[in-house]
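Here is the structure we will look at, set down as structure tokens.
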Protein chains: 2
Amino acid sequence: MTTTETAAGNAEDQIRETIDAFMGAMKRRDIDAIMSFYAPDVVAFDVMPPLSYVGRDAYRKSWDTGLSMMFGPLETELRNLKISVSGDVANCHALNRMAMNMENGERMDSWMRWTWCLKRSQGRWFIAHEHVSFPIDMETDKALTTLEPEQ
Amino acid sequence: MTTTETAAGNAEDQIRETIDAFMGAMKRRDIDAIMSFYAPDVVAFDVMPPLSYVGRDAYRKSWDTGLSMMFGPLETELRNLKISVSGDVANCHALNRMAMNMENGERMDSWMRWTWCLKRSQGRWFIAHEHVSFPIDMETDKALTTLEPEQ
């Protein structure tokens, strides 16, 4: 293994730990911990409108709204997490099952698609871009919230 | 400017050219040209189901279906394209207006969110991961296809 490969391997471990810690913050519904993973200038394409959130302060409002719509524990399960890293830039994507009880009494239990683009700053990895979505039924324009991963 | 910064600047130019050429292939609706930008093992989170496409051959079917649903010219307009690159890994994201006439007589004219994660192989940049989506109205589960960029 070359030095470069070792460095990339170590960075991949760091990123996996970062994503694990981020998921932990989500499960605890700890808004301050969640927000600490985002770069100040994060651009987020969230499952909820608008088209994009620019900046951590703007994006915090979406998280506030999302977290206030649920109660009790949040379950998450990542599948097919794939990480690519070079130097201070990294990309990862995964399918993420999120299950929770909603304030309106409904139960949500859906697989969503998550993409994270990270950058390293002062030795720490931050989420510089996040994209979360459901696929759409093109006939009805409805989000497909009950799909299961094929693998 | 350091050597590293110059290299990153050149790579950013290459990626901008790659995305420009990719958009050109889309406008021409040239399926072979479109597919030539994807890595063989691309993982795509498309606007249409399933949750993910794994591999260029699988993803080509989605493009085939999408292109067969429209006729005449495809208009596209990228806004807020942001590129991050380090070594052989890069990511970019943008809002992309796509306007087209559909086979069923309807006109589609919508802003979508696009994220591309790229890798360089033998001097060329390939799309290793693509994520395309609409935000969702959480009350109705409907895709929000008429939103305008706020900036």
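Using the structure shown, list the pairs from B:LYS61/B:LYS82; B:LYS27/B:LYS61; A:LYS82/A:LYS119; A:LYS82/B:LYS119 with a Cα-Cα distance above 22 Å, or answer none. Those over the limit are B:LYS61/B:LYS82.
Ranking of B:SER36, A:SER68, A:SER52 by neighbouring Cβ atoms within 10 Å, starting from the fewest: A:SER68, B:SER36, A:SER52. Summary for B:THR76: label point 7 Å along Cα→Cβ; distances to the equivalent points in the other copies, ascending, 3.1 nm. Label separation (A:VAL54 vs B:GLN122): 4.0 nm, computed from points 7 Å beyond Cα along the C-beta direction.
How much FRET efficiency would the formula 1/(1 + (r/R0)^6) give for A:GLU77 and B:LEU81, where r is the Cβ-Cβ distance and R0 is 30 Å, rounded to 0.05? Present the calculation step by step, with values, prior to reporting the outcome.
Details: r = 33 Å, r/R0 = 1.10.
Here the calculated transfer efficiency is 0.35.
With the Cα gyration tensor of the protein assembly as shown giving a ≥ b ≥ c as the square roots of its eigenvalues, does the rule (a/c under 1.5 for rounded; else a/b larger than b/c for prolate; else oblate) give rounded, prolate or oblate?
Details: a/c = 1.58, a/b = 1.00, b/c = 1.57.
Oblate, since a/c reaches 1.5 and b/c is not below a/b.
Among B:12-20, A:112-120, B:116-124, A:39-47, sorting by the average number of other beta carbon atoms lying within 10 angstrom of each residue, highest first, gives A:112-120, A:39-47, B:116-124, B:12-20. In chain B, the beta-carbon sitting nearest the axis that superposes B on A belongs to the residue given here with its distance in angstrom, B:SER133, 2.
What translational D, rounded to a whole number of µm²/s, comes out for region A:3-143 from Stokes-Einstein when the hydrodynamic radius is the Kirkwood one over Cα pairs, at 4 °C and 1.567 mPa s? Display every interim value, and only then the final one.
Numbers: Rh = 15.9 Å.
Stokes-Einstein gives a translational diffusion coefficient of 81 µm²/s.
Let me have the relative contact order for region B:1-122, percent, based on Cα pairs under 8 Å that are six or more residues apart.
Working: 167 pairs, mean separation 22.6, N = 122.
In percent, rounded to a whole number, it is 19.
Computed from point charges on the beta carbon alone (+1 for Lys and Arg, -1 for Asp and Glu), the dipole magnitude for region A:78-138 about its Cα centre is near 360 Debye. Rounded to the nearest 20, the Cβ-based charge dipole of region B:3-135 about its Cα centre (Lys and Arg +1, Asp and Glu -1) stands at 80 debye. Computed about its Cα centre, the charge dipole of region A:17-58 is approximately 160 debye, with only Lys, Arg, Asp and Glu carrying charge at their Cβ. Each stretch of four or more DSSP H residues adds -39500 (n - 2.57); spread over every residue of the protein assembly as shown, this sum gives -9500 deg cm²/dmol at 222 nm. Think of the protein assembly as shown as having a plus end and a minus end, set by charges on the Cβ of Lys, Arg, Asp and Glu; of B:PRO149, A:PHE22, A:GLY66, A:PHE22 sits farthest toward the positive end of this dipole.
What is the mean number of Cβ atoms from other protein chains located within 10 Å of the Cβ atom of each residue in peptide B:114-120, rounded to a whole number? Could you put the intermediate results ahead of the total?
Values: counts 2, 11, 3, 11, 2, 3, 1.
Partner Cβ neighbours, averaged per residue: 5.
FYI, it's all coordinate maths here, none of it is from the lab. Quick caveat: nothing in here was measured; it's all calculated off a predicted structure. In this analysis, Cβ positions are derived from the backbone assuming ideal geometry, glycine residues included, and neighbour counts consider all displayed protein chains.
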